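The values are calculated or read from the model by the stated rules, or taken from the named source; none is laboratory data. Small disclaimer: the values here were computed from a predicted structure and weren't measured. A quick note on method: Cβ atoms are made from the backbone with ideal geometry, for glycine too, and the neighbour counts reach across all protein chains shown. These area figures cover heavy atoms from the full protein model, side chains too; ligands, DNA and RNA do not enter into them. Shrake-Rupley method; radii C 1.70, N 1.55, O 1.52, S 1.80 Å.
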Amino acid sequence: MFSGKTALITGASSGIGEEMARQLAEQGCHLILVARRTERMLALKSELSAVTVDVITVDLAELQAPVRIFDQVAALGRQVDILINNAGFGFQKPMLEMTPDEQLGMVDVNDRALLALTRLFAAPMAVRGEGWILNVSSVSAWFPIPGMAVYAASKAFVQTLGRALHEELKPSGITVTTLSPGGTRTEFSAKARGQMDPTLEKAMMPVGPVARAGLQALAKGKPVVVPGAIYQLMTGLTRLLPGAWVVKLAGAVMGRHR
Ligand SMILES: NC(=O)c1ccc[n+]([C@@H]2O[C@H](COP(=O)([O-])OP(=O)(O)OC[C@H]3O[C@@H](n4cnc5c(N)ncnc54)[C@H](OP(=O)(O)O)[C@@H]3O)[C@@H](O)[C@H]2O)c1
């Protein structure tokens, strides 16, 4: 499906983004890798020698980062057919234990940069009448999580934006898909929680099927995909249970602090 196309992936230095880069390269898709850890991306580039790979080192928390990426892509003479807004992080911390910088930094990377990159790269896609955008949200988008409130809200933004843009950009030939993973074995959990709760650890998915589900949904033009039966059940239940129960349950299961 994506052979000969070019995908720009944010957060390509580890986890889901790195795995998507591998799976797209297997299809013959050229890549532009974006993250802060240059060494990790250069190692991936040397592994994926069958396709053209460029590396852009940038901190997406910086206000001008999306414009710098856009300009660098133009300077490289590359065209972005597929934009994968995957970079993100979360803290599992109560609101009052986080600094304002931690909170706003999360919103800057998870939302502001994602929105700015979508706006920048969707414009030339619309002119060409073809493009694919995959935004990585989370099952956390489906319910507010006391104890992880800011992260869950930042991912709800990604999902709401993506579902609306799926319809809005369809007439321009652009497909927008939102990937909502549940717990996935990457570096994310260690950064978010420190020590993983053993109950949550059991429900973690390997990164391969999560990345594959996102790319397959993108190729099929689906609006939203939740990988894994357990997480499909969990998000489905949020539509059946009373809202107040959902918030309490989410806090007890996902917002618990050790
Ligand atoms: N793993 C899970 O359980 C899970 C569940 C639901 C949703 N998600 C979402 O999945 C996405 C990928 O996370 P992951 O699980 O693959 O975790 P990960 O292994 O920690 O990867 C996160 C990626 O985002 C990049 N990133 C973070 N902050 C950045 C910044 N300021 N500037 C540029 N790049 C930045 C990191 O690169 P550098 O550090 O090199 O900059 C890294 O490549 C995230 O949006 C996350 O919210 C993960």
**OP:** Go ahead and run the numbers for FRET between Arg36 and Ala74, Cβ-Cβ distance against an R0 of 30 Å, rounding to 0.05.
**Re:** 0.90
Original post:
So which of Lys93/Lys222; Lys191/Lys220; Lys155/Lys191 end up more than 24 Å apart by C-alpha?
Top reply: Lys93/Lys222; Lys191/Lys220
Original post:
With θ set to phi - 60° and the Karplus curve 6.51 cos²θ - 1.76 cosθ + 1.60, what are the ³J(HN,Hα) couplings of region 171-188 in order, to the nearest whole Hz, using x for Gly and Pro?
Top reply: x, 8, x, 9, 9, 10, 10, 10, 9, 10, x, x, x, 9, 6, 9, 6, 4
**OP:** Determine which aspartates and glutamates satisfy two conditions relative to Lys5: a Cα distance under 13 Å, and not lying fewer than 8 residues away in the same chain.
**Re:** Glu26, Asp81, Glu130
Original post:
Can you pull the percent of the chain's accessible area that's carbon plus sulfur, 1.4 Å probe, other chains left in place?
Top reply: 59 percent
Subject >> Burial ranking of peptide ranges 117-123, 133-139 (average Cβ count within 10 Å, highest at the top) >> reply: 133-139, 117-123
Subject >> Computed helical MRE - 222 nm, the chain, DSSP H runs ≥ 4 contributing -39500 (n - 2.57), nearest 500 >> reply: -14500 deg cm²/dmol
Original post:
Gap in Å between the Cα centre of region 33-53 and the Cα centre of region 98-143?
Top reply: 22 Å
Subject >> Other-chain or far-sequence residues with amide H under 5 Å of Thr175's (modelled H) >> reply: Gly131, Trp132, Ile133
Subject >> Packing rank of 228-240, 142-154, 86-98, where each peptide gets the mean count of other beta carbons within 10 Å, highest leading >> reply: 142-154, 86-98, 228-240
Subject >> For region 68-159: accessible area per residue (Å², 1.4 Å) >> reply: 40 Å²
